[in-house]
Amino acid sequence: MPTVGLLLSLLLAGALEASPKDDPATTKSKATSAKATRAREEKCVDRWLASRKLDPYGMPEGTMYAGGTPLFNEATGRQIDRLDYIYGKHPEAKAACAPARKARSRRKPT
Amino acid sequence: MHRAIRLLALLAVPATVVGLVGHRRPLQADDVYRVASVRIPERGRRAYRAGEVIVQFKEGVRDRDASDMMREAGGRSAERSQFGPRYLVHLDDGFEIADALDRLRTMPGVDFAEPNGIARAFQRAGYFTPHDPFYTSQWHFKMLNSERMWGIQKGDTSVAVAVLDTGIAYEDFGPFRKAPDFGGTVFLQGHDFVNNSDHANDDNFHGTHVSSTIAEATDNNVGVAGLAFGCALMPVKVLDHEGVGSFFIVAEGIDYAVNFTQNGQHPVKVINLSLGGDSISNSVRQAVDRAVTAGVTVVAAAGNDGAGKISFPASLPNVIGVGAVDGRKIKAPYSNFGPELSVVAPGGDIRRDDTGPDGVPDGRPDGVLQQTFDPDTAEKEGRYDDFHYFFVVGTSQATPHVAALAALLYRQGITQPAAIKAAIESTADDLGAPGRDDTYGHGLINPVNALRGYGLNQ
């Protein structure tokens, strides 16, 4: 019986050590993977926009904006994510490039 | 966990600041242009004579009608100016100045109405201190040593700045109302290229706020000040109610401003473009070239993506491209940067509070403070008369500081856009890496140095 307990403890310790949660390499690789996914998604969206002659914000080419961008709200200082903005205007772009993506807001680093 | 704490800290800063200031409606995910910003209520120290208001009637209003209107607003008696349909109205006991002004301003025959401010004889030599009650909160003017600047030059109506934007709240027309703090500001005939009309009224809020930084009526004991308040404004509407326009319309607007004549003169010397886009347009580039050849200085916003790419047309070499700094003179996080950046000016950061006395937080966010109407009221109720003083941030707000300086330099006698640009860049205070750099361009504009270097009125 003590042998079983010892075995269980060892197994548990092994499992904890192997936990990807605490492995910096895994965390880094996760971040890298998220970055790569984002880059792929951006590329896909940019291709989608270019094929429809739309600007980087999903509006017709030649559109001009107060403050130079529709993504920054000068009244609140709040920035919104470009892909979220485009997907809001063009759900078909989301269907083509990120069917499973959830909308989220992005804040600029201070 | 650490990331979560950082995020909470980020969120906590604006929440604290805003809580001290007052109204702010909750943020929504799709807010882009429809947000009422922080605003401060109409209050402050009284700097006008009790029981008196000044009212000017429009041309053609008969004295009898004027008399009726003044009585209706609470007037007991009135003195008529010897030089026009302007009256000093003495109010009946019990009538508040604010109420009388509110009533007069809604009357169709009234050009403007304002309190009778107290004139003060003494100013510090070489300085001019305006008596606008919220001027003390305009940290962005003090950063530019505005009082010394006004001691040198305040501008006059021979120089006009065309503001190509969402329009300006410059007249009472249909559902639109003139912003009260434009008082006696002179407006040239503008044009609305979005709706093809001669009435370039603002239906967004942006253009009015930008224009106020240039030429809000100043020293009128109302609200805030404008940097080149002696100069005239021209409203040119090229952006719609969502703040969106097109190359074609912007090019049309530039040509309109450049070709405008009055009494055989071309009064527009500066074009303010607090707008931009991602791609380059030949139409706009050529219109800018025509403007510069005609002696008009074009000032444009660097853009608010926080990216290393200057928006077009700020990226053009003959345009003054303007980035933004916060209250600490540090690049604002949203401000674009790059090799085409000319200079920076205060654009603020609404999440910070660094500009109180002696650097102590004053409970107000560090945005650029100017008057405009509440876009929420405009959107929900179709009313464009709900005016307040709003803190707004962006390279859009930095740009009119530079446009105003350019206008004052014209008044000092400089006539060529290249010379105006050189004067502004060469006298800027170097920030960041020594010499010109891509983050701050030539640095923070220094109006006093720019104006002292040129002209006789030093």
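We did not get these values from a lab; they are worked out from the coordinates using the rules stated. Computed from a prediction, not measured in an experiment: that's the story for all the values here. Please note: Cβ atoms are built from the backbone with ideal geometry, for glycine as well, and neighbour counts cover all protein chains shown.
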Residue-averaged beta-carbon neighbours from other chains (10 angstrom radius) around A:53-64: 5
Label-to-label distance, nm, for residues given as residue A:34 and residue B:196 (7 Å Cα→Cβ offset): 5.1 nm
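Just tell me how shielded B:268-278 is by partners: mean number of partner chain Cβ atoms within 10 Å of each residue's Cβ, no decimals.
Mean inter-chain Cβ contacts per residue within 10 Å come to 4.
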Entries in A:30/B:309; B:329/B:421; B:237/B:329; A:53/B:421; B:237/B:309 that, when Cα-Cα distance is taken, lie over 24 Å: A:30/B:309; B:237/B:329; A:53/B:421; B:237/B:309
Per residue Cα convex hull volume in Å³ - calculated over chain B: 157 Å³
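May I ask you to derive the relative contact order of segment B:313-445, considering only C-alpha pairs under 8 Å and at least 6 residues apart, and to give it as an integer percent?
Relative contact order of segment B:313-445: 27 percent.
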By average C-beta atoms within 10 angstrom, highest first, the peptides A:67-76, B:400-409, B:279-288: B:400-409, A:67-76, B:279-288
Pair residue A:81, residue B:129: separation of 7 Å Cα→Cβ label points (nm): 5.1 nm
Inter-site label distance for residue B:290 and residue B:96 at 7 Å from Cα along Cβ, in nm: 5.1 nm
Equivalent-ellipsoid semi-axes of segment B:246-298, from the Cα gyration tensor, Å, largest first: 21, 10, 10
Column: log10 I(q)/I(0), Debye, Cα scatterers of segment B:65-198, q = 0.10, 0.13, 0.17, 0.18 Å⁻¹: -0.48, -0.80, -1.18, -1.23
Unit charges at the beta carbon, dipole of chain B: most positive-side option, B:139, B:204, B:94: B:139
Shape category assigned to segment B:114-169 from the gyration tensor of Cα positions, a/c cut at 1.5: prolate
Shielding by partners - mean other protein chain Cβ count within 10 Å, residues of B:386-395: 3
